[in-house]
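Since the structure comes first, as structure tokens, the remarks are kept for the end.
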Amino acid sequence: MALRIRSCPEWWLLYKENCYYFSTNKSMWNTSREDCRSRGAHLIIVEDQQELDLLRQQSRVHLTFWIGLRKRENWMWNSGEAFNTSRFISDSTDQGDCDCLTQKGMTKLNCSMIHHWICEMTATHL
């Protein structure tokens, strides 16, 4: 069986099958989403609690990062998948239509606020 080596672009973090980019700039949610697209990626879609914990640990340098979760009629990931509230704890008292990752977890904020963001893409197999 051949060993499959995974690779990410420079300055991206490899975790399991994905690469993560933690922005050093700040922007609104829509602009952050467009930046990820320009990199061949998307705002992160958090798959499980283990991934959320890793990202929270990596985000210590900056306090708040946009993720790919937004409310239209309901909370939806960029992929179109509905947000599963039973999988993650997100502070329901927060106000806003876009979701951010902080050291405390996920929180809702106004999409026009300026924050860092996290892009995600599938790792390349060499």
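Each reported figure results from applying straightforward, stated rules to the coordinates on display, with no laboratory input. The model shown is predicted, which means the values in this text are computed figures rather than measured ones. Ideal geometry is used to build each Cβ from the backbone, glycine not excepted, and the neighbour counts take in all protein chains shown.
Estimate the FRET efficiency between Ser79 and Gln50 by the formula 1/(1 + (r/R0)^6), using the beta-carbon distance for r and 22 Å for R0, to the nearest 0.05. Approximately 0.70, to the nearest 0.05. Take the Cβ-Cβ distance between Ser38 and Gln58 as r, set R0 to 22 Å, and report the resulting FRET efficiency rounded to the nearest 0.05. Efficiency, from the Cβ-Cβ distance: 0.50. Net charge of the neighbourhood of Asn30, taken over other residues with C-beta under 12 Å away and scored Lys/Arg +1, Asp/Glu -1, is 0.
Working note: Karplus 6.51/-1.76/1.60 with θ = phi - 60° gives the range 22-35 the couplings 9, 5, 9, 8, 10, 7, 6, 4, 4, 5, 4, 4, 5, 4 Hz, where Gly and Pro are set to x.
Spin-label pair Arg6-Gln95: with each label point 7 Å from Cα along the Cα-Cβ axis, the two points sit 4.0 nm from one another.
Annotation: amide H of Met113 within the under-5 Å range of Trp29, sequence separation 5 or more or interchain, hydrogens built in the peptide plane. Distance between the modelled labels on Asn30 and Thr122, one decimal in nanometres: 3.0 nm (7 Å Cα→Cβ projection). Simple spin-label estimate for Arg72 and Gln103 gives 3.6 nm between the two label positions (7 Å along the Cα-to-Cβ direction from each Cα).
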